[in-house]
1. If you place +1 on the Cβ of every Lys and Arg, -1 on the Cβ of every Asp and Glu, and leave all else neutral, what size is the dipole of the stretch A:1-61 about its Cα centre, to the nearest 20 Debye?
2. Give me the net charge for the shell around A:Pro266: Cβ to Cβ below 13 angstrom, other residues only, Lys and Arg +1, Asp and Glu -1.
3. Got a sec? Which residues in the stretch A:36-70 would a label at A:Gln271 touch, if it sits 7 Å along Cα→Cβ and we count backbone N under 19 Å?
4. How far is helix A:10-20 tilted, in degrees, relative to the longest principal axis of the Cα atoms in chain A, given as a value from 0 to 90 rounded to the nearest 10?
5. Just for the Cα atoms in the stretch A:100-201, what are the lengths along the principal axes, largest first, rounded to whole Å?
6. From the mean inverse distance of alpha carbon pairs (Kirkwood) and the Cα radius of gyration, derive Rg over Rh for the protein assembly as shown.
7. What FRET efficiency comes out for A:His288 versus A:Leu190 if R0 is 30 angstrom and r is the Cβ-Cβ distance? Round to the nearest 0.05.
8. Pairs of Cα atoms under 8 Å, at least six residues apart: use those to get the relative contact order of chain A, whole percent.
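The values are calculated or read from the model by the stated rules, or taken from the named source; none is laboratory data. Computed from a prediction, not measured in an experiment: that's the story for all the values here. Glycine gets a Cβ as well: all are built from the backbone with ideal geometry, and neighbour counts include every protein chain shown. Only protein heavy atoms, including side chains, enter the accessible area calculation; ligands, DNA and RNA are left aside. Shrake-Rupley method; radii C 1.70, N 1.55, O 1.52, S 1.80 Å.
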Amino acid sequence: MTDQARLFDRPLLRRRRDRFAAKFRHHDFLFAHCAEEIAGRLQAVLHEFPLCLDLGAHRGDLGRAVSALPNIGQVIYGELSEVLARHCPSPAVVCDEECLPFADASLDLVVSGLSLHHVNDLPGALIQIRRALKPDGLFLAAMLGGATLSELREALLIAESEEGGASPRVAPFADIREAGALLQRSGFALPVADTESLTVSYRSLRDLLNEIRGMGAANVLLERKRAPLLRRTLNRAEAIYRERFGLSDGRIPATFEIVYLSGWSPAPGQQKPLRPGSAQHRLADALHTEESAAGDKAGFPRRKLDKEE
Amino acid sequence: MPDAPKRPEPAPDPKLLEILVCPLTKTTLDYDAARQELISRAARLAYPIRDGIPIMLPDEARKLDAD
């Protein structure tokens, strides 16, 4: 892939995660939330998964939650940051989501909690995940979606453009419609994408930025301005933030949109959508309505389409 | 202060080794237990294993000399 198409500085992300690994504990509420949600969803799947990978494991909380389930066997923890990987239970492996080191058809389940939104080549990563899954293997992931930190994005954009030059400070996150289509294009069967929005309130912009840094999620865009934000710009951004979004109790809200993705590695005998035209019963009967032929749209000037004889 | 006695290197998980491949070429790896490395002949790289954790990043791998 060319440099123009790369959004994220992955080596920087790795260094950031290494550096903030110790603090991560205090800023992991989103990760804990997603771990609980994904484990809950897995519990409802009547399927045995002997070998599972927690991809982008951070400190391994998702993998731990998953390994406690009765239908899960061994969990492998894959993490980009070596420092974080050392906090994971064994066996852990340091790996990059963009360049997976797992053999084809070797895993029964891949789960991922809030890591895939930092991947430059998401279709490529999804294809590699699908290939690493055995037939009838399941992929279940949470990633940050497009509405995440929309308030911060807006406030910083306005504050910086007032000074005559905005630079991307908040990463573009995946859109749910794109994500669903990507799953399908990556060869997953029965792809499902759904979204959840969480709003968290902070005392100040400084607290919010500390939290984002603590998550290891600070700006890693390649196109980012190398210069840090000036205090003046930050103060202006905070004023705009409060003016546009401020809560009555003096706190500021921050939106986190979580996109959940799930898809199965195709296998014979798996549930499939029926071929078009293969229906045994009429939809109109089920709906207790009159069926009208296609093309008989209300108000359509039908006569003009008729051939003159 | 004298150095703490060196713990023996924990061995990597055998099940994990079974499914790991070279991230660049997706080919099989040879496990060098003495050097604690995973060798990719196809990519001519040796991936280090530190404290039982394989580091499967091409940036961190040792380049092998051409024969």
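1. Dipole of the stretch A:1-61, to the nearest 20 debye: 460 debye.
2. Local net charge: +3.
3. Answer for this model: A:38-49.
4. Compared with the principal axis, the helix lies near 50 degrees.
5. Ordered largest first, the stretch A:100-201 gives principal extents of 54, 25, 22 Å.
6. Radius of gyration relative to Kirkwood radius: 1.06.
7. 0.50
8. 19 percent
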